[in-house]
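I have placed the structure first, in the form of structure tokens, so that the comments after it can refer back to it.
The values are calculated or read from the model by the stated rules, or taken from the named source; none is laboratory data. Bear in mind the structure is a predicted one, so any value in this text is a computation, not a measurement. Ideal geometry is used to build each Cβ from the backbone, glycine not excepted, and the neighbour counts take in all protein chains shown.
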Amino acid sequence: MCVDSCTESAEAACNILSQLVNCTIKTMGLISTARPSFMDVSQSHFVSALTVVFVNSKSLSSIKIDDTPADDPSLKVLVANNSDTLKLLKMSSCPHVSPAGILCVADQCHGLCELKHVHLEHLRIDVVSENSGQTQFHAIRKSSWDALIHHSPQVNIVMYFFLYEEEFEPFFREQTPVTHLYFGRAVSKDMLGRIGLNCPRLTELLVCANWLEPLDEELICIAERCKSLTAIGLGECEVTCSGFMEFVKMCDGRLSQLSIMEEVLIPDNTYNIEQIHSEVSKHLGRIWFPDMMPTWLKRSRYMKTFRYPH
């Protein structure tokens with residue numbers, strides 16, 4: 001149903017919708033050729049008309065709505081009566097629909113193939129394994145990531161990993177738009193190397209543990225290629241003082257949060273522990289010292305240090 005910019009046209013369209021009591025509709029589109037039209041109609045009038053269709057059709061598969069006062073309660077009515085048939089829901093400029101309303105549709109319409117409305121701000125993905133080798137994980141295809149970023153270019157993608165080493169195989173084999181990465185168990189040099197190569201949007205990285213292999217090359221690669229990195233924390237890991245200093249220099253003063261255990265740093269011919277804090281402080285533009293803490297507190301402390309986006 002297409003209306004012009006006149007309020008009378010939109011009201012007439014609502015009156016027609018209100019009469020569709022005995023009609024079975026599978027596809028519905030409400031479009032204005034010019035604004036404001038539907039937005040000039042009283043919200044209660046529009047929602048009441050829309051509800052008639054949602055309640056009586058019971059077989060809606062495709063809905064496209066532009067510039068309307070549709071709201072969360074009307075979406076709940078849609079879900080209650082058409083959850084088994086709805087495959088496409090596309091809404092543009094519907095200010096009364098919140099993320100909670102969209103989530104209601106996504107949670108209950110299991111046949112939904114396409115859902116479009118607001119730009120996402122945060123997406124959190126937990127990747128957890130309770131038993132080593134017992135869980136099969138599959139990579140998200142690059143085309144899917146690209147579609148997400150095209151739809152919501154400013155989205156923060158937060159990934160929590162609680163995996164065993166052998167379970168990391170599918171991840172970060174190709175470019176991944178993750179922004180925040182948290183590893184709650186030991187992660188290999190190879191995995192960290194892949195992050196440097198394939199996570200250009202990374203802003204925050206937390207590594208609770210590594211198999212105590214120097215991570216100089218991996219950190220330098222991350223500093224070189226992850227141009228938005230502003231926060232990093234290393235727990236039970238190793239990096240030479242020279243490698244760490246090079247990492248800090250390459251980050252070029254953008255590190256707002258740098259949390260490293262003193263035990264992580266390995267003295268070498270260029271820097272010792274006493275020298276490293278003054279050199280790092282110079283490049284950060286503020287006083288910095290490596291953290292000192294008993295080993296048994298490391299992991300619990302590091303998982304609380306960073307402010308994780310929800």
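Here are the numbers for the structure shown:
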{"read-out": "Filter result for the condition that a residue is surrounded by fewer than 14 Cβ atoms within 10 Å (Cβ to Cβ), without any contact (Cβ under 8 Å) to a residue 40 or more places away in the chain and in the same structural domain as S37 (by TED's automatic domain parsing), over S92, S143, S98", "value": "S92"}
{"read-out": "Test: residue in segment 189-210 that is of a type in the set (D, E, K, R), at pLDDT below 90 and surrounded by fewer than 20 Cβ atoms within 10 Å (Cβ to Cβ)", "value": "no"}
{"read-out": "Strands (runs of 3 or more DSSP E) enclosed by segment 197-297 - at least 2 residues per element that are of a type in the set (D, E, K, R) and under 22 Å from V187 (Cα atoms)", "value": "204-214, 231-240"}
{"read-out": "Cβ-Cβ under 8 Å pairs, at least 6 apart or on other chains, segment 110-124 side closer than 28 Å to T203 by Cα and at pLDDT below 70, far side assigned to a strand (DSSP E or B) and of a type in the set (K, R)", "value": "H117/K90"}
{"read-out": "Test: residue in segment 66-80 that is modelled with pLDDT of 85 or more, of a type outside the set (A, V, I, L, M), loosely packed, with under 15 Cβ neighbours inside 10 Å and outside any helix (DSSP H, G or I)", "value": "no"}
{"read-out": "Selected residue (only one of F172, F161 is assigned to a loop (DSSP other than H, G, I, E, B) and assigned by TED's automatic domain parsing to the domain that holds E238)", "value": "F172"}
{"read-out": "Residue list for segment 1-30, restricted to those being under 16 Å from S92 (Cα atoms), modelled with pLDDT of 75 or more and touching a helix residue (DSSP H, G or I) at 6+ places or on another chain (Cβ under 9 Å)", "value": "M28, L30"}
